[in-house]
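Q: I'd like to ask you about the structure that follows.
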Amino acid sequence: MKGKGVWLENRCLGSTTVGPRGQVVIPVNARKEMGIDAGTTLLVFKALGGQGLVLLKVDAIEQMMSVVSKRLTDFEKLVKDYKLPKAASGKERAD
C-alpha cells in the first residue's frame, strides 16, 4: 500500500476480453505498474452492484488487515481507558 488515499485512486489500466475458458489477460502495463507477476494471488470481488469485478492482491489485503487490526487494538484501549473512571467512581462520566 502506497499511502494515504490509496483506496481512492481509480483509473483505467487497459481492457481485456474473457476467453472461451473464462480466462482474462491482465494488460502488461497494469501488471508492471501493480507489481503483478506470474504466481501473484489475486482475490476477486463482485463490485458495482454485480456489474463489475475488483481484483486485489492478497499481500495488499494482508497489509490492510494488519492496519485495521492495529486500529482496533487502539480503539479497544481507548474504550477500556474510558470505562475505567466510570467503574472506579460508580458514576457516569460527564462529556
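Q: Take the residues in the range 37-68 that are modelled with pLDDT of 90 or more and among the polar types (S, T, N, Q), then tell me which one is surrounded by the most Cβ atoms within 10 Å (Cβ to Cβ).
A: Residue satisfying both the conditions and the ranking: T40.
Q: Give all pairs with beta carbons closer than 9 Å in which a residue from the range 40-55 that is in a loop (DSSP other than H, G, I, E, B) meets a residue that is of a type in the set (V, I, T); count only pairs at least 6 apart in sequence or on separate chains.
A: Matching pairs, first to second residue: T40/V58; T41/V58.
The values are calculated or read from the model by the stated rules, or taken from the named source; none is laboratory data. Everything numeric here is computed off the predicted structure, so don't read it as measured data. Virtual Cβ from ideal backbone geometry, glycine too; neighbours counted across all protein chains shown.
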